[in-house]
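Taking it in order: structure first as structure tokens, then the write-up.
The values are calculated or read from the model by the stated rules, or taken from the named source; none is laboratory data. None of these values were measured; they are calculated from a predicted model. Cβ placement follows ideal geometry from the backbone for every residue including glycine, while neighbour counts extend to all protein chains displayed. Please note that ligands, DNA and RNA were not included when accessible areas were found on the heavy atoms of the full protein model with its side chains. Shrake-Rupley method; radii C 1.70, N 1.55, O 1.52, S 1.80 Å.
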Amino acid sequence: YVSLDVSQIEVPVSGGSGTFSVGIEDSCDWAVESESSWLSFSPASGTGGGTVTWTAAANPDDARLGSISVGSDGVVFSQGGNAAPVAALTIDAGASFTASRTLQLDITATDADDSIAAMCVANIDGNPDATCNDWETFATSRTWWSSAGQGTKQVGVWVRDSRGKVSALATDAI
């Protein structure tokens, strides 16, 4: 008969490690069995009681569950999802018009689970299907050229965290 000292473990989105104890008779063998590739264990097997160190990788995606079994007992690991970052954009300090195609963009971005790594800026001009093509290192300010011609110009920015999650499009117009 095998007993573990925990049945559930909550893992931070950023990953982590910890331990659990295996209770078993001194002469009995045990092994950790898991199909969760984001979890690792050391030692993964042993004889008699002992302590197992678990390590969980950072979660780049949606919330996930993993489970392990040691003999007749088991542990469920749960890990929250990596939320997408949130971006905001202001053109020319909020001015309502400009005579220049050269714009000064102020970009803010937050991510509860990760750091902001990159951004992509594009002229949107009312295109609901606008996409991002040229990612660059994140910066809080950027000089940008608006599209040619007169009228309202709309610029958009997406930001990406270090695990690859991309924000919704943030826009401003001038």
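Out of SER141, SER146, I need the residue that is surrounded by 11 or more Cβ atoms within 10 Å (Cβ to Cβ) and among the hydroxyl-bearing types (Ser, Thr, Tyr). Which one?
Answer to the check: SER146.
Since SER7 meets every condition but one in (1) touching a residue at least 40 places away in the same chain (Cβ under 8 Å); (2) among the hydroxyl-bearing types (Ser, Thr, Tyr); (3) farther than 26 Å from GLY164 by Cα; (4) in contact with a Leu (Cβ under 9 Å, 6 or more places away or on another chain), which condition does it not meet?
Here SER7 clears every test but (4).
Would you confirm whether or not region 134-144 contains a residue that is touching a helix residue (DSSP H, G or I) at 6+ places or on another chain (Cβ under 9 Å) and over 30 Å from ASN59 (Cα atoms)?
Checking region 134-144: not a single residue is touching a helix residue (DSSP H, G or I) at 6+ places or on another chain (Cβ under 9 Å) and over 30 Å from ASN59 (Cα atoms).
The conditions are (1) in contact (Cβ under 8 Å) with a residue 40 or more places away in the chain; (2) open to solvent by 40 Å² or more (accessible area, probe 1.4 Å); (3) of a type in the set (A, V, I, L, M, F, W, C), and ALA170 fails exactly one of them. Which is it?
(2) is the only condition that ALA170 fails.
List every residue pair whose Cβ atoms sit under 9 Å apart, with the two residues 6 or more apart in sequence or on different chains, where the first one lies in region 63-75 and is of a type in the set (D, E, K, R) and the second, anywhere, is not in a loop (DSSP other than H, G, I, E, B).
The qualifying pairs are ARG64/PHE77; ARG64/SER78; ARG64/GLN79; ASP73/SER3; ASP73/LEU4; ASP73/VAL22; ASP73/GLY23.
Within region 101-126, can you find the residues that are open to solvent by less than 20 Å² (accessible area, probe 1.4 Å), out of contact with any Phe, Trp or Tyr (no Cβ under 7 Å at 6 or more places or on another chain), part of a strand (DSSP E or B) and β-branched (Val, Ile, Thr)?
ILE107 - this is the single residue of region 101-126 that is open to solvent by less than 20 Å² (accessible area, probe 1.4 Å), out of contact with any Phe, Trp or Tyr (no Cβ under 7 Å at 6 or more places or on another chain), part of a strand (DSSP E or B) and β-branched (Val, Ile, Thr).
Here is a list: GLY81, GLY46, GLY18. Which entry is small (Gly, Ala, Ser), under 31 Å from the mean Cα position of the chain (by Cα) and part of a strand (DSSP E or B)?
The conditions single out GLY18.
If you check GLY48, GLY80, GLY94, GLY71, which single one turns out to be more than 30 Å from VAL155 (Cβ to Cβ) and at pLDDT 95 or above?
Answer to the check: GLY48.
Return the residues of region 128-138 that are open to solvent by 70 Å² or more (accessible area, probe 1.4 Å) and part of a loop (DSSP other than H, G, I, E, B); say none if nothing qualifies.
Correct list: PRO128, ASP129, THR131, ASN133, ASP134, TRP135.
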